[in-house]
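So the structure is just underneath, and the comments pick up after that.
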Ligand code: GAR
């Protein structure tokens, strides 16, 4: 059995997808042992609904130090599922190769500090890009710079708004995230 810790900051629809695809077997032989949020959010309630241990560690300078103390010893993978704090270099190094993130754009474009959620989609629309999508990648000290595991694309239509792009990209995320998690856990 592979043990997963999930970090969230928001509504947690990707977290829900992780629960659902573990149940369906698309992510085989895995269990979410812990969900950690860096702010009050519905993701914590989703964990509660699944009877999964969940804790709030308020975002701030010592977040990663406190987080490290909570990570169960036998954790195989730490999954950032709509998580908005920056993970420290020390934490990245301690769990090297064991942290992955989902980002709502086609990295290496539209990544880095400040590029999250709606800001990403606004930047894509302003730049006139014809394509966007989602990327699952390993987390390294350089923000959004780690090795890419999987990407999925969508077309940006002339009448798309940041909100419509977010919706289209969420659907891609629900497809590639479980596949990427299963792929990493199978290694
Ligand atoms: C997702 O679109 C994810 O790619 C994005 O936050 C959303 C969370 O949705 N992550 C980032 O922007 C990280 N830089 P959810 O809470 O419904 O899963």
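Rule-based calculations on the coordinates, nothing more; no lab input. Owing to the predicted nature of the structure, the values given are computational and were not obtained by experimental measurement. Note that we place each Cβ from the backbone using ideal geometry, even for glycine, and neighbour counts take in every protein chain shown.
Structure above, values below:
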| read-out | value |
| --- | --- |
| Span from the the range 95-155 Cα centroid across to the the range 1-71 one, whole angstrom | 20 Å |
| Largest to smallest principal axis extent of the C-alpha atoms in the range 124-187, angstrom | 41, 25, 16 |
| Simple spin-label estimate for residue 125 and residue 145 in nanometres, 7 Å along Cα-Cβ | 3.0 nm |
| Sequence of 140, 75 once ranked by neighbouring C-beta atoms within 10 Å, starting from the fewest | 75, 140 |
| Computed lengthening from residue 153 to residue 73, 0.36 nm per intervening residue step minus Cα-Cα distance | 25.2 nm |
| Over the range 89-142 - Rg/Rh using Cα atoms and the Kirkwood inverse-distance radius | 1.05 |
| Distance (nanometres) between label positions extended 7 Å along Cα→Cβ at residue 1 and residue 187 | 2.5 nm |
| Residues 26, 155, sorted so that the one with the fewest Cβ neighbours within 10 Å comes first | 155, 26 |
| Shape of the range 25-163, Cα gyration tensor, a/c cut at 1.5 | prolate |
| FRET efficiency, 1/(1 + (r/R0)^6) with R0 35 Å, evaluated for residue 118 and residue 62 via beta carbons | 0.80 |
| Between helix 117-127 and the chain: long-axis angle, C-alpha atoms, 0 to 90°, nearest 10 | 20 degrees |
| Rounded to 10°, Cα long-axis angle of helix 162-185 versus longest principal axis of the chain | 40 degrees |
| Computed [θ] at 222 nm, helices only, for the chain once each DSSP H run of length n ≥ 4 contributes -39500 (n - 2.57) | -11500 deg cm²/dmol |
| Sequence of 103, 170 once ranked by neighbouring C-beta atoms within 10 Å, starting from the fewest | 170, 103 |
| Cα Rg, Dmax, the range 10-66, angstrom units | 12.3, 38 |
